[in-house]
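Let me begin by presenting the structure, written as structure tokens, before commenting on it.
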Amino acid sequence: MNLLMVIDGQGGGIGRALIKRLRESLNDEVEILALGTNSVATAQMMKAGANRGATGENAIVTMAPQADIIIGPLAIIMANSMMGEVTGEMARAVSSSKALKILIPLTQERIRIVGVSAEPLPHLIDQVLQIITGGEKYV
């Protein structure tokens, strides 16, 4: 695992919480790239301990193919989500990336995912960490 990319938008709260816990668990073992759909989200994720950060469509479209793992809310693969912050190009780049995508099932969109229990964000982040640290196998 070389490059772990965290994508978030709006206020960046989910990305900030993810990066804080990732940094605590992984220390400096992995490079964490914070990609925000807006500058507030990027700034929040940088404060949480990301190695590098960038903002906007071009950054996400450019970096998604280079990532080994992409983490973010479910909305990052949905065009026009996050009140329009996720463009079709962003969603396509993330969806098409060969990276493992770990999606947090939190969204303000009118989507319900059957078979997924409603868990609080800290529990969902625990599950993300379990996948990344090898507690769960992935392809």
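If you go through segment 16-27, how many residues are assigned to a helix (DSSP H, G or I), over 23 Å from THR62 (Cα atoms) and free of Cβ contacts under 8 Å to residues at least 40 places away in the same chain?
Residues that pass the stated criteria total 3.
From the list ALA43, ALA17, ALA75, ALA50, pick out the single residue that is touching a strand residue (DSSP E or B) at 6+ places or on another chain (Cβ under 7 Å) and at negative phi.
ALA50
Cβ-Cβ below 6 Å, separation at least six or inter-chain, first residue in segment 35-63 and basic (Lys, Arg), second not in a loop (DSSP other than H, G, I, E, B): which pairs?
Going by the 6 Å Cβ cut-off, the qualifying pairs are ARG52/LEU33.
Tell me, which residue of segment 11-53 that is polar (S, T, N, Q) and farther than 22 Å from SER97 by Cβ is nearest to the chain's Cα centre (by Cα)?
By that ranking, first place goes to GLN44.
Conditions (1) among the aromatic types (Phe, Trp, Tyr); (2) farther than 12 Å from ASP8 by Cα; (3) assigned to a strand (DSSP E or B), marked per residue:
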| position | (1), (2), (3) |
| --- | --- |
| GLU29 | no, yes, no |
| ILE32 | no, yes, yes |
| LEU35 | no, no, yes |
| THR42 | no, no, no |
| MET46 | no, no, no |
| GLY53 | no, no, yes |
| ASN58 | no, yes, no |
| THR62 | no, yes, no |
| ILE71 | no, no, yes |
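Of LEU103, LEU129, which residue is in contact with a Ser or Thr (Cβ under 6 Å, 6 or more places away or on another chain) and within 23 Å of GLU24 (Cα to Cα)?
LEU129
Check LEU74, LEU106, LEU100 and return the single one that is surrounded by 14 or more Cβ atoms within 10 Å (Cβ to Cβ) and touching a residue at least 40 places away in the same chain (Cβ under 8 Å).
None of the other options fit; the residue is LEU106.
How many residues are at pLDDT below 85 and more than 14 Å from the chain's Cα centre (by Cα) if we restrict to segment 101-119?
Number of matching residues: 11.
Of everything in segment 107-133, what is of a type in the set (Asp, Glu) and either in contact with a Pro (Cβ under 7 Å, 6 or more places away or on another chain) or part of a helix (DSSP H, G or I) (or both)? Give them in sequence order.
Initial filter on segment 107-133 (of a type in the set (Asp, Glu)): 109, 119, 126.
Across segment 107-133, the qualifying residue is only ASP126.
Please go through segment 73-106 and pick out each residue that is part of a helix (DSSP H, G or I), closer than 18 Å to MET45 by Cα and in contact with a helix residue (DSSP H, G or I) (Cβ under 6 Å, 6 or more places away or on another chain).
ALA75, ILE76, MET82 - these are the residues of segment 73-106 that are part of a helix (DSSP H, G or I), closer than 18 Å to MET45 by Cα and in contact with a helix residue (DSSP H, G or I) (Cβ under 6 Å, 6 or more places away or on another chain).
The values are calculated or read from the model by the stated rules, or taken from the named source; none is laboratory data. Keep in mind that what you see is a predicted model, and the values were worked out from it rather than measured. Note that each Cβ is placed from the backbone with ideal geometry, even for glycine, and that neighbours are counted across all protein chains shown.
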